[in-house]
Amino acid sequence: MPEAAVKEKRETTAPDAQQELTDGFHLIIDAFKLNGIETIYGVPGIPITDFGRMAQAAGIRVISFRHEQNAGYAASIAGFLTKQPGICLTVSAPGFLNGLTALAHATTNCFPMILVSGSSEREVVDLQQGDYEEMDQLAIAKPLCKAAFRVLHAQDIGIGLARAIRAAVSGRPGGVYLDLPAKLFGQVMNADAGKKSLVKVIDPAPSQIPAPEAIKRALDVLKNAKRPLIILGKGAAYAQADDAIGSLVEKSGVPFLPMSMAKGILPDTHPQCAGAARSTVLKDSDVVMLIGARLNWLLSHGKGKTWGEAPKKFIQIDIEPKEMDSNVEIAAPVVGDIGSCVSALLLGMGGNWPAPPADWIKAVSSKREENVAKMAPRLMNNNAPMDYHGALGVLRTIVKERPDAIFVNEGANTLDLARGIVDMYQPRKRLDVGTWGVMGIGMGYAVGAAIETGKPVLAVEGDSAFGFSGMEVETICRYKLPVCIVIFNNDGIYRGTDLNSASSDPATTVFVKGSRYDKMIEAFGGVGVNATTPDELKRAVNAAMDSGKPTLINAVIDPAAGSESGRIGNLNPQSALRKK
Ligand code: OXT
Ligand code: ADP
Ligand code: MG
């Protein structure tokens, strides 16, 4: 802005001595409250410590973590669960960088989140004169999020937050960075003018109605299918269009395959659920309708051996037009928000939609029954040390009995086997590593989910996975959250049996043998239990879920039970070399 314009802007908003005043601190808080932001996840320090205190005094819940990455993961999952941007607040440079992984994760997973970081003085940063925690944070954040904004003047706080909210939740949701330089917080202005400068964002994620011809094209393709399949992704869970999606699936009679975090939109026990016939339906289907799921690595990019020889036609429902044809040709793109698209499809189907051919339905259900029957006896063993199936067998029953509990899950074997074994019954109850397969979401997600939903949380964690965010057990105890953490302790990453034959150093994938993670939570007043059999595990989890007390159960798993990288060992480069 030219200097004269800056001067004029200052003069019009500068307070005179008689007027009631406000400042940057309070304007940010007021802007949050005006937009229904009730919770902030973060870690305090210069320049945001007082801001946290003032926000708390003003009735905003400020959840203070031990590391910003975990606060960021909590904010990201808050965004997924509520469709409102989760807020993560950090200090400058190192705190900002710690939060950045979570911001990138939110963007990658299409979760709305705003990372708000304090920053150093622009004048000093831009001349690189070595300010306290100096860093050009805006420039660094930009490639990792949907949008990045900096607010320099108190009177722009309202617009700055409005832009951040809209960017996070409209269209394809994602992460947004909001840079607040230290000087902004103390800037003073006339209280009335300040109030008027705030913006309540109206309809932040407007419906995006699909084109009628796109709906017609999609229905034509679906109607002509001999072996149709619907794949539900976490975008479908995010959309909160559960009833419409349920009606579409049931009216069409088409088998559906839920991606990991889409489990429970319809129960995994639904007769049309093809989760237990995954390979068969991917390989043999001829028409596939994707609802809020991308054809990325988790779906083998829509081609290759997983998808078989038979030609396929894809119908894709997504809010992001650029997603179409990203990996293979999409025969019927339907661009719009899932709620609107699914409702339009239902309307277009009318009252009399033909059921898919009976031989296809039979083929899918017999494969499913075969796999379920194969798995059943393995889930009933009471071995000590436990194997994954024995331990997950009891957790599966507990989730069935407590379907509204939130199930957080990370690890390799711990993740992959739990995904298949533990049926989900309600939408948005299974929260896991997502698009990147990232370790470290566990305790942040557990805190975020407990705070946002008020429901009990069962977090099933590999011992390695837990280590990425383990210090947050103190946070869980401090806020007395109803979180039960079960650590599948197999002494290492994938397995605890590797040996290093070259030196006395331990192998790279193993941890201290026989560790007692349950002792960690006892240090903070929580309940610790060591469980060596499925029976003990069952008792301990049920007690934790009944009491709501923060609990950590060290579940002793046979160190030899797992496999390298769980179900994705084929992605290891040496595995490709071995094949050559
Ligand atoms: O149809 P078929 O016959 O094929 O059978 C399928 C289903 O039909 C059937 N099924 C069932 N049968 C019976 N009953 C039921 N109910 C049922 N349901 C399904 O079962 C099979 C398999 O079904 P599934 O699972 O659906 O299908 P599949 O083929 O596996 O699906 C493919 C995928 C790709 C969709 C699926 O595998 C998937 O979603 N995978 C996600 C994998 C993932 O994200 N993994 C995490 C990353 S691994 C690795 O990167 C790790 N690291 C490195 C690291 C990471 N990640 N992050 C950071 C920040 N730093 C480093 C580390 C450090 S993992 C890891 C730690 C690991 O150690 P831990 O101690 O934590 O964990 P442990 O391994 O336990 O020790
Ligand atoms: P999964 O990992 O479960 O397969 P992905 O994260 O790959 O799911 O895909 C989610 C998709 O959902 C993204 O392409 C995103 O654009 C889309 N999406 C998210 N929210 C909506 C919505 N409300 N309406 C339509 N599409 C959405
Ligand atoms: Mg392990």
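The values are calculated or read from the model by the stated rules, or taken from the named source; none is laboratory data. In this text, all values refer to a predicted model and were calculated from it rather than measured experimentally. Reconstructed Cβ throughout: ideal geometry from the backbone, glycine too, with neighbour counts over all protein chains shown. Side chains included, ligands, DNA and RNA excluded: accessible areas come from the protein's heavy atoms. Shrake-Rupley method; radii C 1.70, N 1.55, O 1.52, S 1.80 Å.
Laid out as a table, the results:
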{"item": "Potential lengthening between Ala358 and Tyr132 on full extension [0.36 nm per residue; Cα-Cα distance subtracted]", "result": "74.4 nm"}
{"item": "Cα→Cβ-extended label distance, 7 Å offset, between Arg61 and Asp535, nm", "result": "3.9"}
{"item": "Mean separation of Cα contacts under 8 Å, 6 or more apart, over the residue count of the chain: relative contact order %", "result": "12"}
{"item": "Asp243 versus Ala376: modelled label distance in nm, points set 7 Å from Cα along the beta carbon direction", "result": "3.6"}
{"item": "Debye, to nearest 20: dipole size of the chain, +1 on Lys, Arg Cβ, -1 on Asp, Glu Cβ", "result": "1780"}
{"item": "Gained length - Lys200 relative to Asn224, 0.36 nm times residue gap less alpha-carbon distance", "result": "3.9 nm"}
{"item": "Of Lys146/Lys313; Lys429/Lys455; Lys455/Lys549; Lys480/Lys519; Lys200/Lys429, pairs whose Cα-Cα distance is over 19 Å", "result": "Lys146/Lys313; Lys200/Lys429"}
{"item": "Whole-Å distance, taken between Cα centres, linking segment 321-380 and segment 207-274", "result": "5"}
{"item": "Amide hydrogen neighbours beyond the local backbone of Ile406, cut-off 5 Å, H modeled", "result": "Val457, Leu458"}
{"item": "Relative contact order %, segment 299-364, counting alpha carbon pairs below 8 Å whose residues are six or more apart", "result": "26"}
{"item": "Lys/Arg +1, Asp/Glu -1 at C-beta; the chain dipole; positive extreme among Leu21, Gln187, Ile398", "result": "Ile398"}
{"item": "Charge-dipole axis of segment 212-370 as Lys and Arg at +1 and Asp and Glu at -1 on Cβ define it, positive-most pick from Leu229, Ile317, Gly350", "result": "Leu229"}
{"item": "Among 488-496, 200-208, 105-113, the order from most to least packed when residues are scored by Cβ within 10 Å on average", "result": "105-113, 488-496, 200-208"}
{"item": "Sum of side-chain charges, Trp307 neighbourhood, beta-carbon under 14 Å (Lys, Arg +1; Asp, Glu -1)", "result": "+3"}
{"item": "Relative contact order %, segment 470-543, counting alpha carbon pairs below 8 Å whose residues are six or more apart", "result": "27"}
{"item": "Förster radius 30 Å - calculated FRET efficiency between Leu571 and Lys513, Cβ distance, rounded to 0.05", "result": "0.60"}
{"item": "Carbon + sulfur, % of accessible area of segment 212-370 - ligands and nucleic acids excluded, 1.4 Å", "result": "54"}
{"item": "For Thr90, distant residues with modelled amide H under 5 Å away", "result": "Val116, Ser117, Gly118"}
{"item": "Accessible area of segment 9-197 belonging to carbon and sulfur atoms, whole % at 1.4 Å probe", "result": "52"}
{"item": "Rough spin-label spacing in nm, given labels placed 7 Å along Cα→Cβ, for Ile46 and Tyr479", "result": "2.8"}
{"item": "Accessible surface, 1.4 Å probe, highest first, among residues His389, His26", "result": "His26, His389"}
{"item": "Net charge, Thr509 excluded, C-beta distance under 10 Å - Lys, Arg +1, Asp, Glu -1", "result": "-2"}
{"item": "GluC sites (Glu not before Pro) restricted to segment 247-329 and DSSP loop, no more than 11 other C-beta within 10 Å", "result": "Glu309, Glu329"}
{"item": "Per residue, in Å², the accessible surface of the chain once ligands and nucleic acids are set aside, probe 1.4 Å", "result": "42"}
{"item": "Helix axis angle, 3-13 relative to the chain longest principal axis, alpha carbon, degrees", "result": "90"}
{"item": "Two-decimal log10 I(q)/I(0) for the chain, as the Debye equation yields it once each C-alpha is a single scatterer, q = 0.05, 0.06, 0.12 Å⁻¹", "result": "-0.24, -0.34, -1.21"}
{"item": "Qualifying trypsin sites (Lys or Arg not before Pro) for segment 277-349 [loop in DSSP, other Cβ within 10 Å: at most 14]", "result": "Lys303"}
{"item": "Whole-Hz ³J(HN,Hα) from phi, Karplus 6.51 cos²θ - 1.76 cosθ + 1.60, for segment 144-153, glycine and proline x", "result": "9, 9, 6, 7, 9, 10, 10, 10, 9, 10"}
